[in-house]
1. In cubic angstrom, how much convex hull volume per residue do the alpha carbon atoms of the chain span?
2. By how many degrees, 0 to 90 and rounded to 10, does the Cα axis of helix 76-111 deviate from the longest principal axis of the chain?
3. Taking a ≥ b ≥ c as the square roots of the eigenvalues of the Cα gyration tensor of the stretch 64-112, is the shape rounded (a/c under 1.5), prolate (a/b larger than b/c) or oblate?
4. Between residue 93 and residue 80, what length comes free when the chain is fully extended (0.36 nm per residue of separation minus the Cα-Cα distance, one decimal in nm)?
5. Give the accessible surface of the stretch 42-112 per residue, rounded to a whole number of Å², with probe radius 1.4 Å and ligands, DNA and RNA excluded.
6. Could you grab the relative contact order for the stretch 10-111? Cα pairs under 8 Å, six or more apart, rounded to a whole percent.
7. Using only Cα atoms, tell me the angle between helix 2-24 and the longest principal axis of the chain; keep it within 0 to 90° and round to the nearest 10.
8. Subtract the Cα-Cα distance of residue 109 and residue 30 from 0.36 nm times their separation in residues, and report this length gain in nm to one decimal.
Amino acid sequence: MHHAVLAEDKKRAAYRALQDRVVDGEGRASPEQRAHAFSNVGLSGPLDSLLGKVATRPARVTDADFAAARAAGFSEDELFELVICAAVGQSARLYDAGLAALAGAVAGEEDG
């Protein structure tokens, strides 16, 4: 049991390091823009459309979505970073939801 807990702690630490790197590491997009992309909140216009799709409907992202974001003044490098932030942010939310569901199921088994 102790080994499993230690392994899970290492996984969570690695995932937190990834989150910190994509949001706060060096890049062309500002840390504020990356934080908004990661959280999928506080975005506007073409960027909201593009990153909303990246987070929730990635199969619907089109070249036109990228073209609209570029036309709004975002560079290729900024868009790359923001897309990564949006994808990692969504995966973090799904990961946390999965862990919460697992904890709830385990607690239910222990109670029942």
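The values are calculated or read from the model by the stated rules, or taken from the named source; none is laboratory data. Everything numeric in this text was worked out from a predicted model, so none of it was measured. Please note that ligands, DNA and RNA were not included when accessible areas were found on the heavy atoms of the full protein model with its side chains. Shrake-Rupley method; radii C 1.70, N 1.55, O 1.52, S 1.80 Å.
1. Hull volume normalised by residue count: 117 Å³.
2. Roughly 20 degrees, rounded to the nearest 10.
3. The shape class here is prolate.
4. This chain segment gains 2.7 nm when fully extended.
5. 58
6. After rounding, I find 33 percent.
7. With both axes taken from Cα atoms, the answer is about 10 degrees.
8. Working: separation 79, 0.36 × 79 = 28.44 nm, distance 4.53 nm.
Result for the pair: 23.9 nm of gain on full extension.
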